[in-house]
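**Q** Got a structure for you, questions after.
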């Protein structure tokens, strides 16, 4: 079963990308946005295990952007415009199936499959060319995979709503077969075949929308897995993964949930219960107030002390609940992690901050 935390992204998160304080924006990304994206990635990995019966972390690691150094010698000035959590190949002494232009062993792979949050919303993204040191014949191996399995890879793109970056010019029409376009890209050495979502999930990004993204991520995974296998110099298991995905989709359809994830196939009573729990534990605050509360409480739960280094999901809590006359003043807010916030609910007016 997936760890289904109370995760969403609202207007406060969207407005964060308008904050002109570089330090505050970076701290909010590190301590509030990235832990939630990491939690969603954990659900993606769990879905992959369940559907395909493989351990994806045998060959991959979870990487983050921005990647914050523990200490900085100079004050941060960069205004980050996105946050990204992705699966990427582990650092190895050598990935035997591909090679670098300079002949040195390949230790890092140039592709990652992840979730990216921007001002526009939450999307899936498979970067294909973020490192440009691989040899041309190494990239041709990846493109040959798409030529070998053209119909199936494009079916996955359709189902997961992922769009490949393709190219055309006077020698190839904008409307052409994918095979023609891939052959053209090989010929022209245009290897930046990044895959992006066909539109981001716009704010407010609900639990149901996140469930859909997890489902789409898991469906697209066989393409990423094939790249990993090629980089390991091992035969792809693409058809085997497609068979497992079809079996999962058919079982889901027989249960009356042909376009749902496990989480979205819950009963109506479960949905109502989760909605009530969310209503009790969530609090609507002005965007600037949320970040002020987190910053004042040093980006950690005032009850248990957990923060982003513990994968805690931080919430803003009314000390005195609104239902008991609590105000929306800054002093009536405190930072709680998801666990402590659920335990407190709206029945307790305890100020957990250390005085």
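The values are calculated or read from the model by the stated rules, or taken from the named source; none is laboratory data. Note that this is a predicted model, so its numbers are computed, not measured. When we count neighbours, we look across all protein chains shown, and the Cβ atoms used for this are built from the backbone with ideal geometry, even at glycine.
**Q** Using the structure shown, decide if residue 37 is touching a helix residue (DSSP H, G or I) at 6+ places or on another chain (Cβ under 8 Å) and either touching a residue at least 12 places away in the same chain (Cβ under 8 Å) or not in a strand (DSSP E or B) (or both).
**A** The answer is no for residue 37.
**Q** Also, I was wondering about something else. Please go through the stretch 306-338 and pick out each residue that is out of contact with any strand residue (DSSP E or B) (no Cβ under 6 Å at 6 or more places or on another chain), part of a loop (DSSP other than H, G, I, E, B) and within 20 Å of residue 7 (Cα to Cα).
**A** Listed by number, the residues that qualify are 311, 313.
**Q** Sticking with this structure for a sec: Kindly check whether there is at least one residue in the stretch 64-83 that is crowded, with 21+ Cβ neighbours inside 10 Å and either assigned by TED's automatic domain parsing to the domain that holds residue 238 or closer than 15 Å to residue 224 by Cα (or both).
**A** Scanning the stretch 64-83, I find at least one residue that is crowded, with 21+ Cβ neighbours inside 10 Å and either assigned by TED's automatic domain parsing to the domain that holds residue 238 or closer than 15 Å to residue 224 by Cα (or both), so the answer is yes.
**Q** Looking only at the stretch 323-355, filter to residues that are surrounded by fewer than 14 Cβ atoms within 10 Å (Cβ to Cβ) and within 33 Å of the chain's Cα centre (by Cα); which one of those is modelled with the lowest pLDDT?
**A** Step by step, filter the stretch 323-355, then rank; the result is 345.
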